[in-house]
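Remarks on the structure that follows.
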Amino acid sequence: MNLKELYQEIILDHGKNPRNLRKTDNFNKDAKGYNPLCGDKVHIYLKLNENKKVEDISFEGQGCAISMASASIMTSLIKGKEEKEVKEIIKDFLEMIKEKESLNTKLLEEDEKTKLMCLSGVKQYPMRVKCATLSWHTLISAIDKSQNEINIKSKEI
Amino acid sequence: MNIDDIKKEFPIFSNKVHNNDLVYLDSANSSQKPLVVVDRIYDFYTKEFSNVGRSVHYLAVAATNLYENTRTSVQKYINAKDKNEIVFTKGATEAINLVASTFGQKYLKEGDEVLVTELEHHSNYVPWHYLRKSKGIKIEFSEVNENGEVTLESIEKKITKKTKIIAITHLSNVTGAILPVKEITKLAHSKGIPVLIDGCQSAPHLKLDMQDLGCDFYAISCHKMYGPTGLGILYAKKKWLEELPPYQGGGGMIGEVKKEDITYGDLPNKFEAGTMATAQVIAFNESIKFLNKIGIDNIIKHENELIEYGQELLRKNNSVKLIGNPKNKGAVLSFTIGNIHPHDIATILDEDGVAIRAGHHCCQILHEKLGLVATARASLGVYNTKEDLDKLNSSINKCKKIFE
């Protein structure tokens with residue numbers, strides 16, 4: 001494993017200049033995520049319209065380059081998708097980070113998948129997988145609103 | 001023993017990490033083990049194993065003697081008055097929990113205060129927090145100053161008539177500050193308050209003298225002292241061990257057991273319930289021999305040189321910010337680099353074989369005070385060299401380049 005595979009240009013770019021790092025006006029769903037091992041925090045804001053389509057998504061938080069880049073890329077891919085589609089993309093991403101070699105979803109364009117695959121470098125760093133998955137777990141919890149705050153330590157990656 | 005040859009005593013340094021020599025700068029987390037300690041565990045299990053303190057057969061007698069020899073070695077190493085003031089625990093965490101639990105049970109009531117500091121590791125705060133929940137006690141925090149120190153004055157400021165025990169670290173695992181524990185103990189005793197010292201970070205690096213220090217309780221972590229994991233030591237003045245109720249019940253800690261009542265064993269058995277970490281205790285004697293062979297004065301001199309060299313190196317490196325600038329500093333260099341998250345720093349350094357720790361180091365109270373989510377920490381052991389610190393510095397430069 002080469003460090004360059006983990007810190008690819010695209011990760012460094014999103015890590016330094018995260019997209020959608022703000023708070024959505026009139027959001028109607030939100031959730032906080034926290035990684036007690038390193039103190040990383042993320043707060044996801046979601047605005048779904050009457051057709052359950054993501055009109056806007058944003059996040060606030062502090063974290064390492066991997067977690068910021070992951071939240072940044074995630075939010076830019078999710079906008080405009082329907083709730084059901086969002087769930088499918090999350091599932092696909094989490095499975096890829098966990099075990100699968102590639103992304104299978106038809107809901108993303110090839111260039112979008114390439115962007116997401118840049119995060120797959122964390123597979124070689126078990127301690128860092130949680131950095132990449134924190135915002136995704138938090139998005140699930142925002143959509144389901146089953147818990148207000150998720151604590152990634154107690155979750156499976 | 002030549003200080004330059006010490007690395008050779010540790011087999012781990014013959015391994016490569018990502019094809020690089022290992023630069024181990026995480027000893028505040030846990031130290032590496034010299035071969036003598038590893039061999040001792042192997043020899044005990046292969047040639048001498050038996051449970052201790054129970055059977056009377058040959059192996060049991062020999063193992064019991066070995067086990068008790070370590071207690072005597074520890075007593076001498078920390079200059080305790082009596083060997084029965086040494087209690088083996090599963091770690092320093094358990095040592096502090098033992099005191100918090102038993103002292104709390106016997107002496108604390110609603111409204112009483114326990115005084116800790118903002119520097120404390122979670123293991124010297126959380127056990128006291130339980131008493132906040134169960135007994136309604138209060139926990140007060142002596143403040144850390146801008147240098148990352150806790151002074152005698154800041155302790156004095158927080159002592160009230162309700163202060164029942166003071167529990168403080170000897171050496172901060174984040175800022176490296178060495179607290180004036182002897183003066184604090186003297187002050188506390190003048191007001192009739194007992195003192196517990198968390199010696200996890202100090203024990204591997206400073207000269208320990210319990211009789212001179214005068215404290216009531218001192219917690220030690222053996223795996224940070226070139227010893228095995230799963231083992232800690234609680235030093236406590238005899239009168240406390242006699243007065244405090246037992247912590248855990250079970251075999252080995254009893255006197256007489258009847259249906260109506262139970263009496264407890266003599267010291268230190270009263271606090272060592274169940275089968276203890278026998279092999280670890282026996283092997284820890286080798287850690288003490290290892291430390292004695294080098295000599296604590298030589299260790300202090302060597303590590304002070306390293307810490308000064310490391311501080312100078314990092315101070316000269318632009319955009320590296322050292323956390324804390326205490327006058328009396330132990331073998332810890334915590335730092336941040338610009339806006340780079342410490343976990344990214346740690347991963348990038350690791351690629352060069354440089355092992356550091358990143359995170360809040362189990363000190364969330366302190367990090368909140370510092371306004372930081374996390375810091376990177378390079379911590380030293382007796383096997384480290386100036387070359388190790390040079391490698392740290394050049395890996396930091398590489399890290400800066402990646403993120404610039």
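The values are calculated or read from the model by the stated rules, or taken from the named source; none is laboratory data. Note that the structure is predicted; figures quoted are calculated from it, not measured. Glycine also receives a Cβ, built like all others from the backbone with ideal geometry; neighbour counts cover every protein chain displayed. Remember, those area values only see protein heavy atoms, side chains included, never the ligands or the DNA or RNA. Shrake-Rupley method; radii C 1.70, N 1.55, O 1.52, S 1.80 Å.
Listed values, structure above:
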item: Region B:66-203: radius of gyration over Cα atoms, expressed as a fraction of 2.2 N^0.38 Å; result: 1.06
item: Cα gyration tensor shape for region B:39-292, rounded if a/c is under 1.5, else prolate or oblate; result: oblate
item: Charge-dipole axis of the protein assembly as shown as Lys and Arg at +1 and Asp and Glu at -1 on Cβ define it, positive-most pick from B:Leu267, B:Pro11, A:Ile78; result: B:Leu267
item: Rg over Rh, two decimals, region A:3-145 (C-alpha only, Kirkwood Rh); result: 0.93
item: Within region B:39-292, percent of DSSP bridges classed antiparallel, to nearest 5; result: 45
item: Buried area at the B-A interface (accessible, heavy atoms, 1.4 Å probe, summed, Å²); result: 1400
item: Dipole of chain B [Lys/Arg +1, Asp/Glu -1 at C-beta], most positive-end residue of B:Ile139, B:Asn173, B:Met276; result: B:Ile139
item: Partners for B:Lys186 among aspartates and glutamates (Cα-Cα distance below 18 Å; same-chain residues under 8 apart left out); result: B:Glu153, B:Glu156, B:Asp198, B:Asp209, B:Asp212, B:Asp216
item: Loop-located trypsin sites (Lys or Arg not before Pro) in region B:91-152 whose Cβ has at most 13 other Cβ within 10 Å (DSSP); result: B:Lys109
item: Of all DSSP beta bridges in the protein assembly as shown, antiparallel share, percent nearest 5; result: 65
item: Percent carbon-and-sulfur accessible area, region B:323-376, ignoring ligands, DNA and RNA, probe 1.4 Å; result: 45
item: With eigenvalues of the C-alpha gyration tensor scaled by 5 and rooted, region B:260-385, Å; result: 37, 22, 15
item: Centroid-to-centroid separation of region A:72-122 and region B:292-338 [C-alpha atoms, Å]; result: 45
item: Inter-part distance where region B:372-386 and region B:183-208 are each reduced to a Cα centre, Å; result: 24
item: Cα gyration tensor of region A:31-87 - equivalent ellipsoid semi-axes, whole Å, descending; result: 24, 11, 9
item: Given charges at Cβ of Lys, Arg, Asp, Glu: region B:182-256 dipole, positive-most of B:Leu213, B:Val195, B:Tyr247; result: B:Leu213
item: Radius ratio Rg over Rh of the protein assembly as shown, counting only Cα atoms, Kirkwood formula for Rh; result: 1.02
item: Exposed GluC sites (Glu not before Pro) absent - longest run of chain A, DSSP non-H/G/I/E/B, at most 13 other C-beta within 10 Å; result: A:1-49
item: Helix-only [θ]222 nm of the protein assembly as shown, DSSP H runs n ≥ 4, -39500 (n - 2.57) each, per residue, nearest 500; result: -12000 deg cm²/dmol
item: For region A:3-145, size of Cβ-based charge dipole, Lys and Arg +1, Asp and Glu -1, in debye; result: 380
item: Mean-position separation - Cα centroids, region B:26-99 and region B:225-244, in angstrom; result: 11
item: Per DSSP, loop trypsin sites (Lys or Arg not before Pro) in region B:293-377 with at most 11 further Cβ within 10 Å; result: B:Lys327
item: Relative contact order [Cα under 8 Å, 6+ residues apart], chain B, whole percent; result: 23
item: Only Lys, Arg (+1) and Asp, Glu (-1) charged, at Cβ; chain B dipole about Cα centre in debye; result: 620
item: Relative contact order %, region A:3-145, counting alpha carbon pairs below 8 Å whose residues are six or more apart; result: 30
item: Kirkwood-based Rg to Rh ratio, region B:156-260, C-alpha trace; result: 1.04
item: Relative compactness, region B:217-322, computed as alpha-carbon Rg over 2.2 N^0.38 Å; result: 1.62
